[in-house]
1. Going by the alpha-carbon gyration tensor, a ≥ b ≥ c the square roots of its eigenvalues, is region 7-58 rounded (a/c under 1.5) or, if a/c is not under 1.5, prolate (a/b greater than b/c) versus oblate?
2. Report the local net charge at residue 31: Lys and Arg +1, Asp and Glu -1, summed over other residues whose C-beta lies under 12 Å from its C-beta.
3. Which of the GluC sites (Glu not before Pro) found in region 2-56 are in a DSSP loop and have at most 11 neighbouring Cβ atoms, other than their own, within 10 Å?
4. Which is the longest stretch in the chain that no exposed loop site breaks, taking sites as chymotrypsin sites (Phe, Trp or Tyr not before Pro) with a DSSP loop state and at most 15 other Cβ atoms within 10 Å?
5. When the helix-only estimate is applied to the chain (DSSP H runs of n ≥ 4, each -39,500 (n - 2.57), divided by the residue count), what is the mean residue ellipticity at 222 nm, nearest 500 deg cm²/dmol?
6. Taking a ≥ b ≥ c as the square roots of the Cα gyration tensor eigenvalues, with a/c under 1.5 meaning rounded and otherwise prolate when a/b beats b/c, else oblate, which class fits region 237-329?
7. Classify region 71-139: rounded, prolate or oblate, from the alpha-carbon gyration tensor (a ≥ b ≥ c, eigenvalue square roots; a/c under 1.5 rounded; otherwise prolate if a/b is larger than b/c)?
8. Expressed in nm to one decimal, what extension gain is obtained for the pair residue 114 and residue 40 from 0.36 nm per residue of sequence separation less their Cα-Cα distance?
Amino acid sequence: MPANLPPTYYKLKHQHESAKTDDERLELLEEMLRIVPKHKGTEKVVSDLRKRIAVIKKGPTGKGAKGSGKKGFSEHIPKQGAGQIVLLGPPNSGKSSILSNFTKAKAEVSPTPYTTTTPGVGMLPYENIQFQIIDTPSIMPDFISPVVLTLVRNADLCLGVVSLANDNILDELDMLLTVINEQRGNNVEESDEELEEIVSEEIPTIIANQVDTIDAQDRLEILTEFYDGQIKIIPLSAETGEGKDELLQYLYDTLDIVRVYPKAPGKPIERDDPIILTIGSTVLDAAMGLHKDFAEFKFARIWGSEWHDGQPVSRNDVIHDGDVVEFHM
Ligand SMILES: Nc1nc2c(ncn2[C@@H]2O[C@H](COP(=O)(O)OP(=O)(O)OP(=O)(O)O)[C@@H](O)[C@H]2O)c(=O)[nH]1
Ligand SMILES: [Mg+2]
């Protein structure tokens, strides 16, 4: 189903991604929701917007809100690459190890709990794209930094991280899931009419890290049995890299990505810098992804498995992963 989003939507989306406060975000999200055409093809966009609005309106509630007291708390890491993914979890689960072993970013890793005190950012490569990974200070039973909560709410995806080397894994996971569900708007139920219908389809995803350690397999079995079907579990070792390929594949599938390759008339295809869009995006979306000036293109031709070579396409045609599009201005 084509989304057919108007160019103004992308302008607002862009502003939203660089907005610095919740107040600003709320205003932009409400405007986006107002202008999005409401039909079958935009259902996912509309429900995502509603969810984000509901979560901001609820405010920084829960444990993390203690002592924060600030409305519209501001902490912002600009989105880069194919998706922003926040790692969240109890101390020593290995969040910083994932960042420093799987990306070029440096993060302090140590057996001392609460080593990380500020968020760290790195890019995780996958084929010809990269995911943006954010490492965060660990959550405590009675306090979570409001900075971390804001990051969790605004990310494209939140990955909980627990350690299979830890005997307390079930308790830790229980606490972590409460935070994730609350901040990601999973099962949001409010008396307000507008909010009532919002029940997120997002199943919490948990990295069961340190799968290389003694007794890890036994604990993994317990987790899987206990949370049967309620969460997605990705076994991983930040140390040995076991499970990394499955993690990457999961990220790619979950973020609903399609890659489109732009081609200037008479020039070769650029394969190393795709335009990254979500499934259901149109030729116009691809043009906007290239540069906003391309929204005014005169006509476009396309190459790909679903098309005849060089077939002319219209703005509202839905593009597929791997398509090559040539825009004529
Ligand atoms: N064997 C093994 N050890 C790991 C793995 N991941 C992390 N560790 C170790 O676990 C300890 C904690 O790792 P960190 O990456 O600092 O954990 P963190 O979640 O960032 O913890 P804090 O920031 O301190 O709260 C370190 O000693 C790591 O070397 C893993 O996959 N396997
Ligand atoms: Mg750390």
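Since every read-out is calculated from the coordinates, none of them should be taken as a lab result. Keep in mind it's a predicted model, so treat the numbers as computed, not measured. Positions of Cβ are backbone-derived with ideal geometry, glycine not excepted, and every protein chain shown enters the neighbour counts.
1. Judged from the Cα gyration tensor, region 7-58 comes out oblate (a/c at least 1.5, b/c at or above a/b).
2. Taking every other residue near residue 31 into account, the sum is +1.
3. Taking region 2-56 and a limit of 11 other Cβ atoms within 10 Å, no loop GluC sites (Glu not before Pro) are found.
4. 144-329
5. Estimated from H runs of four or more residues: -10000 deg cm²/dmol.
6. Because a/c hits 1.5 or more and a/b exceeds b/c, region 237-329 counts as prolate.
7. Details: a/c = 2.39, a/b = 1.18, b/c = 2.02.
Oblate shape, in that a/c is at least 1.5 and b/c is the bigger or equal ratio.
8. Values: separation 74, 0.36 × 74 = 26.64 nm, distance 4.58 nm.
Stretched fully, the residue 114-residue 40 segment lengthens by 22.1 nm.
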